1. Would you pull out the residues with amide H under 5 Å of I184's amide H, same chain only if 5 or more places away, H placed 1.01 Å from N?
2. Based only on other Cβ atoms within 10 Å, what is the fewest-to-most ordering of T200, T191?
3. Can you list residues whose amide H is under 5 Å from E127's amide H, if they're 5+ apart or on another chain and H is modeled 1.01 Å from N?
4. List the residues whose amide H sits under 5 Å from the amide H of S190, counting only those 5 or more places along or on another chain, with H placed 1.01 Å from N in the peptide plane.
5. Mind listing the phi-derived Karplus ³J(HN,Hα) values for region 42-50, rounded to whole Hz, using 6.51, -1.76 and 1.60 with θ = phi - 60°, and x for any glycine or proline?
6. Which order do I208, I105, I223 fall in if you start with the one that has the fewest other Cβ atoms within 10 Å?
7. How large is ³J(HN,Hα) for each residue in region 142-156, as worked out from phi by the Karplus curve 6.51 cos²θ - 1.76 cosθ + 1.60 (θ = phi - 60°), to whole Hz, x for Gly and Pro?
8. What list of whole percents do you get for P(r) of region 58-186, with Cα-Cα distances grouped in 10 Å bins up to the one holding the largest distance?
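Just so it is clear, none of the values below were taken in a lab; they were calculated from the coordinates. The structure displayed is predicted, hence computed values, not measured ones. Note: ideal-geometry Cβ built from the backbone for every residue, glycine included; neighbour counts use all protein chains shown.
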Amino acid sequence: MPLSMWRMIARTPRWARIMAVVVLAGAIILGVPAVRPSVLRAAGWALVANDGLEPSDIIVIAVDAGGAGVLEAADLVHAGIAPRVAVFAGGPPDSVEREFARRGIAYEGPIPLKLPLLKALGVTAIELIPTAVAGTTSEADALSGWCAQRRFQSIVVVSATDHSRRLRRMLRRAMKNHQTRVIIRPARHSTFDPDRWWETRAGVRTEIIEIQKLLFDVIRHPIS
């Protein structure tokens, strides 16, 4: 190999070199038809975390969980896992809300769709987490502070299937010194299927994006 090529590789960030090796190894393995399905399923399940359930103080629907999270949370309430469900009030103010505020008009934004859906599913004890979040990091920080304030012993966090493992890693870091035990539950009705994700464009797109984010998180925080 030319000396210039070695110099270029040496200047490449460590995380990029690791990701390149992973991609190359995956390409080689997928070239063998006999092992392709099992490797693809393993890649799908690498995104999923599913902790054992136990009676808890409250069920929290993660921002990304959507309607699947609402269904999962309602089922957990009816199964006796926790008597209450909490949802995040919303994200940071958008341009419309800021313009109303500039004109001196209070504008709370639309009521989260999760609330009427939960009530329609028979969940009556619902709480709003007031902190606005704009991503997984701020979500983990907000949940950490909220749990410390409420002094919960145990909570169940319902997440989208493809996001559950990375969310668990981030919550563990954010709540490392807290008394609250966090149980991650992937929503069973999530659109991402770890056993068949490669059969749809949406599944492939989700897998690629989430596996990159997960690998980057593992590289930045090997112990998490």
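1. Residues meeting the amide H criterion: D51, V157.
2. Arranged by neighbour count, lowest to highest, T200, T191 become T200, T191.
3. Amide H neighbours of E127, under 5 Å, 5+ apart: V85, A86, V87.
4. Counting only residues 5 or more places away or on other chains, the set is T161.
5. With the stated coefficients, region 42-50 comes to 4, 5, x, 6, 5, 8, 9, 10, 9 Hz.
6. So the residues, fewest neighbours to most, are I223, I105, I208.
7. Values, residue by residue: 5, 5, 4, x, 5, 5, 5, 5, 8, 6, 6, 8, 8, 9, 10 Hz.
8. In order of increasing distance, the bins hold 13, 43, 32, 11, 1 percent.
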